Amino acid sequence: MDDKLKERLIKRLQKIPKSESLENRKIALEDRLSLEEAKYWFRYKDGKVYWIRSPSTKILVGDEAGYISNINKKPFRRTIFKGKVYTTAKIVFLLHHGYFPKKIFYVDGNSMNTNFTNIRASTDALHSYTKSITRSKTGYRNIYYEKRRERYIVSLIVNKKTKFIGYYENIEDAKEACNLAAKRIYGEFAVLV
């Protein structure tokens, strides 16, 4: 490779942003609330998190940690600690399991219920599947009526791809097929119709 070509390549490469290095990820992880800090500052009792120590003059020892805010029209309890905002469910998960999950799944669908038996770690795909329950004109998620064939269609989105489950003559068969498919694909996280 001649020198001029090499210089042009280097200039082009300088314009491309560098990928996140392992060191950057470590800094980002170290920047989060650690298990030791969580145990030092917070106490979990009956689905709620309380302050063990007062982080400011406005917060008293024994006060419930956090405030209620709406995210996408859904209420969540959030806590500010050292300038960072954490959902209370993630603090509860950290206190019980020793690590921060990427996403949280609420078993009963209630984001205000932060009891440790109600929260589980989740993936992006599972989170997007469970977070919004959009309903079709049939009144059920993942079940649609096709006028041309006069049948119900069941389809689920799995890993960002629509998976066709089948055609059904009545809504009851379609609901059953949808539930079976959801249980098989999403297991305990399945949202049944």
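Seen from GLU146, the other residues with C-beta closer than 14 Å to its C-beta sum to a net charge of +3, counting Lys and Arg as +1 and Asp and Glu as -1.
Could you tell me which of rounded, prolate or oblate describes the range 70-115, using a ≥ b ≥ c as the square roots of the eigenvalues of the alpha-carbon gyration tensor, with rounded for a/c under 1.5 and, failing that, prolate when a/b is larger than b/c and oblate otherwise? The shape class here is oblate. Mind scanning LYS39/LYS160; LYS39/LYS82; LYS103/LYS137; LYS45/LYS183; LYS90/LYS175; LYS39/LYS73 and naming the pairs with a C-alpha gap bigger than 26 Å? In this structure, LYS39/LYS160; LYS103/LYS137; LYS45/LYS183; LYS90/LYS175; LYS39/LYS73 lie more than 26 Å apart at Cα.
Keeping the other protein chains in place, figure out the carbon and sulfur percent of the accessible area of the range 36-158, with a 1.4 Å probe. Before the final figure, lay out each step's value.
Values: 3810 of 7540 Å².
The value for the range 36-158 is 50 percent carbon and sulfur by accessible area.
Between LYS147 and LYS160, the modelled label-to-label distance comes to 3.4 nm, taking each label 7 Å out from Cα in the direction of the beta carbon. Between TYR40 and THR123, the C-beta separation translates, for a Förster distance of 25 Å, into a calculated FRET efficiency of about 0.25. On the beta carbon distance between LYS82 and MET112, with R0 = 25 Å, the FRET formula returns roughly 0.55.
Show me 175-183, 163-171 ranked by packing, highest mean number of other Cβ atoms within 10 Å first.
Working: 175-183: 17.7, 163-171: 13.7.
Per-residue Cβ counts within 10 Å, averaged per peptide and sorted highest first, yield 175-183, 163-171.
The values are calculated or read from the model by the stated rules, or taken from the named source; none is laboratory data. All values derive from a computational prediction rather than experimental measurement. Glycine gets a Cβ as well: all are built from the backbone with ideal geometry, and neighbour counts include every protein chain shown. The accessibility values were calculated without ligands, DNA or RNA, using every heavy atom of the protein model including side chains. Shrake-Rupley method; radii C 1.70, N 1.55, O 1.52, S 1.80 Å.
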